[in-house]
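First comes the structure, then the notes that go with it.
Derivation of every value follows stated rules applied to the coordinates shown; laboratory data play no part. The model shown is predicted, which means the values in this text are computed figures rather than measured ones. In this analysis, Cβ positions are derived from the backbone assuming ideal geometry, glycine residues included, and neighbour counts consider all displayed protein chains.
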Amino acid sequence: MPRLAIFASGNGSNAQRIAEYFEGHPSVSIRLILSNNPAAFVLKRAAALGIPSEVFSRNTFYDTGRIPALLRENGIDFIILAGFLWLIPPGILAAFPGRIINIHPALLPKYGGKGMYGMRVHEAVIAAGEPESGITIHHVDECYDEGKIIFQARCPVSPADTPETLAEKIHQLEYRYFAEVVEKIVTSDE
Ligand code: GAR
C-alpha cells in the first residue's frame with residue numbers, strides 16, 4: 001500500500017492532479033505535501049484537498065533530520081517532486097533509493113540543470129529554435145535533472161509559440177501522463 005509525499009515549490013497544479021488521481025485509489029495514497037516556500041499556492045491546494053502539509057526552511061531541509069523524520073513518521077514510501085526546485089540532500093536520497101521521482105518540463109538531457117525550471121526552460125527551448133519539446137519523468141539523484149529517465153512524451157514547438165503557449169502544451173502533457181506513470185512505478189513492487 002504505497003504512501004506518497006509530494007514536494008512542490010510553487011503553484012502545485014501537478015500536485016493537485018496527482019492528489020485527485022489517487023483519491024479513492026485501492027492502494028496508493030498521498031499523505032503529505034511539503035514545500036520550501038511559505039507563499040506557495042500548493043499549500044492552499046493541500047488544505048482544500050485535506051492533505052496535511054508542512055513548510056520547511058533551507059536550514060531545516062539541509063541541516064536537520066526533521067524532514068526524514070516526518071517522512072518516516074508518516075510511513076512514506078515514495079517522494080514525488082512536482083515543481084520542486086531544491087536539490088534533494090544526501091540523507092533523503094539514501095533513505096529513498098530509487099523512490100524519488102521528478103518531472104521536468106523538457107526533453108532531458110537537454111534544457112536541464114541548475115536554474116532550468118518553469119518558464120526559463122520554455123524560453124530556452126524557443127530561443128534555440130527547437131522543433132519539439134516535451135516532458136521527462138525521471139529518478140532523482142544528487143545532481144539536477146540527471147537521474148535515470150523513466151518516461152518522455154513530446155509535443156511540437158511551432159514558430160508562433162511563446163513561452164506561455166509552450167508552457168500550456170507542456171502542462172497538458174504533464175496532466176495526461178504524470179500520475180499514470182507514478183502509479184505504474186509505485187505499484188510495481190507491491
Ligand atoms: C511543471 O511544469 C514542472 O515540470 C516544472 O515546474 C512546473 C510546476 O508547475 N518543474 C521544473 O521546472 C523542475 N525543474 P505546477 O506547480 O503548476 O505543477
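Taking the Cα centre of the chain as origin, sum charge times position over the Cβ atoms of Lys and Arg (+1) and Asp and Glu (-1), and report the length of that vector in debye to the nearest 20.
280
Note on the chain: GNM, Cα springs under 10 Å; of S53, S13, S158, the largest mean-square fluctuation is that of S158.
When the convex hull of the Cα atoms of the chain is projected onto a plane and the area is averaged over all directions, what value comes out in nm²?
10.0
Distance from a point 7 Å along Cα→Cβ of D63 to each backbone N in segment 91-113: keep the residues under 19 Å and list them by number. Output list for this probe position: 91-92.
Taking Cα atoms only, the orientation of helix 163-187 departs from the longest principal axis of the chain by about 40 degrees. Dividing the mean sequence gap of close Cα pairs (under 8 Å, 6+ apart) by how many residues the chain holds gives a relative contact order of 20 percent. Structure remark: mean-square fluctuation, Gaussian network model of the chain, C-alpha springs under 10 Å; the largest value among A15, A128, A69 belongs to A128. Report note on the peptides 45-52, 178-185, 57-64: ranked by the mean count of other C-beta atoms within 10 Å, highest first, their order is 178-185, 45-52, 57-64.
Counting Lys and Arg as +1 and Asp and Glu as -1, what is the net charge of the other residues whose Cβ lies under 13 Å from the Cβ of D145? Please list the in-between numbers first.
Values: positive: K110, K114, R120, K148; negative: D141, E142, E146.
Spelling it out: positives minus negatives among the neighbours equals +1.
Across segment 138-146, coupling constants 3J(HN,Hα) worked out from phi with the 6.51/-1.76/1.60 Karplus curve, θ = phi - 60°, read 8, 5, 9, 10, 7, 10, 5, 6, 10 Hz, and Gly and Pro carry x. Using +1 at the Cβ of each Lys and Arg and -1 at the Cβ of each Asp and Glu in the chain, identify which of A128, L34, S57 lies farthest towards the dipole's positive end. Result: S57, furthest along the dipole toward the positive end. Segment 55-92 and segment 133-175 have Cα centres separated by 24 Å. With all pairs of different C-alpha atoms in the average, the Kirkwood value for the hydrodynamic radius of segment 1-88 is 12.9 Å.
The string of couplings for segment 108-113 from the Karplus curve (6.51, -1.76, 1.60, θ = phi - 60°) is 4, x, 7, 6, x, x Hz, one whole number per residue in order, with x for Gly and Pro.
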